[in-house]
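What follows is a set of notes on a single structure, which appears directly below.
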Amino acid sequence: MQVEETPLKDCYLLKPKIFRDERGIFLETYQRRQLAEISGIDAEFVQDNQSVSKYGVVRGLHYQTGEFAQTKIVRAIYGRVLDVVVDLRPDSPTFKQTYSVILDDENLYQLYVPKGFGHGFSTLSEKSVFAYKCDDYYRPGSEAGIIYNDPELAIDWQLPENDIILSEKDRNLPTLKQAFG
């Protein structure tokens, strides 16, 4: 596995070693010891989540607050997504900065998203299956988010505005300024 730094502090792009032959492919998607040896990252993951989305769906930007903040490793199992993170840690040198990367079933990249980051993605293919590995359990009372089209963040979701599909919850999220002042 290769671990590459992103422009955001403590956020890493994980590139697994892929074995290909005439039968298909094999890859190790996670190995705690190897990740710790390569990067110093040693999180204990306790919950895996999966979502299925159709073209145009934007999920996010979501995060868990306080003591229930989650570190995640995210990946696209099927399809193609634009994965987006924003550093929401006020003491971080990259506070309020964003990073986006294509995750798909061809490159098989994963993104390590540390606690204190907002996370979201847009589905660019007809369908996507997206997986989240989390180091803490989901707690509804600590969930929060930032509206996907926040003007301060100016995220290009790589979708025409008319094609974007949002949940009612995501449509009503606050701006960065409303959430962080």
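The values are calculated or read from the model by the stated rules, or taken from the named source; none is laboratory data. Just so it is clear, the model here is predicted, and its values are computed rather than measured. Please note: Cβ atoms are built from the backbone with ideal geometry, for glycine as well, and neighbour counts cover all protein chains shown.
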If you scan region 102-114, which residues turn out to be at negative phi and either surrounded by fewer than 19 Cβ atoms within 10 Å (Cβ to Cβ) or touching a Phe, Trp or Tyr at 6+ places or on another chain (Cβ under 6 Å) (or both)?
I102, L103, D105, E106, N107, Y112
Got a number for residues in region 143-166 being surrounded by 12 or more Cβ atoms within 10 Å (Cβ to Cβ) and of a type in the set (S, T, N, Q)?
2
Tally, over region 81-91, of residues that are crowded, with 17+ Cβ neighbours inside 10 Å and either out of contact with any strand residue (DSSP E or B) (no Cβ under 7 Å at 6 or more places or on another chain) or of a type in the set (K, R) (or both):
1
Residues of region 5-28 being within 25 Å of V86 (Cβ to Cβ) and surrounded by fewer than 11 Cβ atoms within 10 Å (Cβ to Cβ), in sequence order, are P7
Among the residues of region 125-168, the number that are part of a loop (DSSP other than H, G, I, E, B), touching a Lys or Arg at 6+ places or on another chain (Cβ under 8 Å) and among the hydroxyl-bearing types (S, T, Y) is 2
Just name the residue that is surrounded by the most Cβ atoms within 10 Å (Cβ to Cβ) out of those in region 29-42 that are closer than 17 Å to K72 by Cβ and more than 16 Å from the chain's Cα centre (by Cα).
L35
Of residues in region 47-68 being among the hydrophobic types (A, V, I, L, M, F, W, C) and either in contact with a strand residue (DSSP E or B) (Cβ under 7 Å, 6 or more places away or on another chain) or under 24 Å from I165 (Cα atoms) (or both), the one surrounded by the most Cβ atoms within 10 Å (Cβ to Cβ):
L61
Consider only pairs whose beta carbons are under 8 Å apart and that are at least six residues apart or on different chains; among these, list those whose first residue lies in region 8-36 and is at positive phi and whose second residue is surrounded by 15 or more Cβ atoms within 10 Å (Cβ to Cβ) and assigned to a loop (DSSP other than H, G, I, E, B).
D10/S92; D10/P114
Would you confirm whether any residue within region 91-109 is closer than 21 Å to I147 by Cβ and of a type in the set (K, R)?
yes
Among what's in region 7-26 and is touching a strand residue (DSSP E or B) at 6+ places or on another chain (Cβ under 7 Å) and more than 26 Å from Y137 (Cα to Cα), pick the residue that is modelled with the highest pLDDT.
P7
Need the failing condition index for V74 against (1) among the hydrophobic types (A, V, I, L, M, F, W, C); (2) surrounded by 13 or more Cβ atoms within 10 Å (Cβ to Cβ); (3) over 27 Å from I165 (Cα atoms), just the number.
(3)
Condition broken by G145, with the remaining ones in (1) modelled with pLDDT of 95 or more; (2) closer than 17 Å to N49 by Cα satisfied:
(2)
